[in-house]
1. Mind counting the residues in segment 186-200 that are out of contact with any strand residue (DSSP E or B) (no Cβ under 6 Å at 6 or more places or on another chain) and more than 13 Å from residue 215 (Cα to Cα)?
2. Can you confirm whether residue 362 is closer than 22 Å to residue 110 by Cα and touching a helix residue (DSSP H, G or I) at 6+ places or on another chain (Cβ under 6 Å)?
3. Is one or more of the residues making up segment 176-192 surrounded by fewer than 17 Cβ atoms within 10 Å (Cβ to Cβ) and not in a loop (DSSP other than H, G, I, E, B)?
4. What residue, of 263, 179, is more than 30 Å from residue 343 (Cα to Cα) and at pLDDT 95 or above?
5. Just the residues that are touching a strand residue (DSSP E or B) at 6+ places or on another chain (Cβ under 7 Å) and either outside any helix (DSSP H, G or I) or surrounded by fewer than 22 Cβ atoms within 10 Å (Cβ to Cβ) (or both), please, taken from segment 334-352.
6. For the condition surrounded by fewer than 24 Cβ atoms within 10 Å (Cβ to Cβ) and farther than 22 Å from residue 314 by Cβ, what is the one hit in 260, 255?
7. Go through segment 81-144 and tell me which helices (runs of 4 or more DSSP H), entirely inside it, have 3 or more residues that are surrounded by fewer than 21 Cβ atoms within 10 Å (Cβ to Cβ) and modelled with pLDDT of 95 or more.
8. For residues that are modelled with pLDDT under 85, over 20 Å from the mean Cα position of the chain (by Cα) and part of a helix (DSSP H, G or I), tally how many sit in segment 353-377.
C-alpha cells in the first residue's frame, strides 16, 4: 500500500545514494499549507519572557574552523555507521572543518526540552550550553516571540537559505528566513507490530479496548489532540475551543479506561522495541529507522497514515540566544545545506528533506524513490493536516487542559 512502509527499503538506510528527482515535494508542502507568508504562525505558550523580547543578531567573530559545536537533536535523527558507533555525516564535518561535535539525543519532546534546557538559562539571560537545537515549528515561534534565538548570519552560510526549498521561505514566524533552518518534515500516524495486531489503518485503533495497556499516545499536544480531532471529523487547522474540548474528552476516555499505557515523547520506540507497546501514535520515519532494523523474528513493525488523516510538521535547527559557538553553528548549517550532505542524512532517517538538490541525489535509487515516507503520494498529501496556530492565551489554557488529562 502506498501509505505504509515497505521493510525492503531498510537496506538504503546506511548507504550514500546518488541519483535524481524528489517528484511532487513542492506539491506536498504547498497542499498542506506551509508556503511562505501564507502559513500561520504558532504562538507562545505559558512561558515567562526573559529580559529581551525582540530578536537581535549576535554577530561576534566568524568561525573559520576548529572549536566545538554542541548539538541537541531527537532520537534517530541523523545517519549512523553500520556498527552504530559513529555518525558519518558528523565525522565528515569534523574532518572538513576541524570542528569537534558534541552530539546528543537530548530532545524527547518539545515541552520537556524547553523546560529542562532552555527556559531557565534563557530566562536569566544565560547560555543554554547548546549551539544548535532541533525543535518543531510551533516551538520555534515561541522562542522567536521571547527573543531567545540568535539570527543566523547568512553571510556565513552561502548554502542557506539558497538551497532551502521555496515552500519554507518567509514563514510567518521567520519572515526573513534567518532564524530557523528546517531539518526535516514528517507525519504523525499509527505505529504498530503487525504480528500482534494485523494490518491497521484507522484512527479508531487508538480507542480499541483490544489493545488496553499496550498503547501509547504522544506527549506532543498538537499530535495527540490533532489525531483525536481528525477522528471526530474536526479539521485541526481550524479547531475551535468547543472542538478542542471534545477532542480532549475523547482522549480522556482512552486514558480513564486505561487503554493508553502512557503518553511518551520519542521514547515510545523503546516501549515498542521491548514489546510493552504494540500500538502507538508514531512519527513517520521512526519505525523504519529505529525499530525495523533490530526487530526480532516475532516482531513486524509498521507505520501507516490513517485513512481518516494524520498530522504534518517540520523540525528546525535554531541557535539559542547567547550560544557560545555561534560561528561553528553557522558553519554546520552551511555544511548541512550542501545537497550531498543532506541526502546522506535523509537516506538514513526516512523523513522529508527540505533542501534543494537532495532530490536528485536521493531519488535515483528505486527503494528511496518509492518510499512514501520521503516522497508522500498525492493521496497521502490530501490526508495531511497542520494544527491551528494558537495565541498565547489558547496555548496556556490548551496545554494545561492536555497536561491534566495526560497526567503530567
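The values are calculated or read from the model by the stated rules, or taken from the named source; none is laboratory data. Keep in mind the model is a prediction, meaning the values are calculated, not measured. With ideal geometry, Cβ positions are generated from the backbone for all residues, glycine too; neighbour counts draw on all protein chains shown.
1. Counting residues in segment 186-200 that are out of contact with any strand residue (DSSP E or B) (no Cβ under 6 Å at 6 or more places or on another chain) and more than 13 Å from residue 215 (Cα to Cα) gives 3.
2. Working: closer than 22 Å to residue 110 by Cα: no; touching a helix residue (DSSP H, G or I) at 6+ places or on another chain (Cβ under 6 Å): yes.
So residue 362 fails the test.
3. Looking for residues that are surrounded by fewer than 17 Cβ atoms within 10 Å (Cβ to Cβ) and not in a loop (DSSP other than H, G, I, E, B), one finds none in segment 176-192, hence no.
4. Of 263, 179, the one residue that is more than 30 Å from residue 343 (Cα to Cα) and at pLDDT 95 or above is 263.
5. 337, 339, 351, 352
6. On the way: 260 fails: surrounded by fewer than 24 Cβ atoms within 10 Å (Cβ to Cβ).
Just one listed residue meets the conditions, 255.
7. Details: elements: 88-97, 110-113, 119-123.
Because the criterion is at least 3 residues that are surrounded by fewer than 21 Cβ atoms within 10 Å (Cβ to Cβ) and modelled with pLDDT of 95 or more, the helices (runs of 4 or more DSSP H) in segment 81-144 that meet it are 88-97, 119-123.
8. 3
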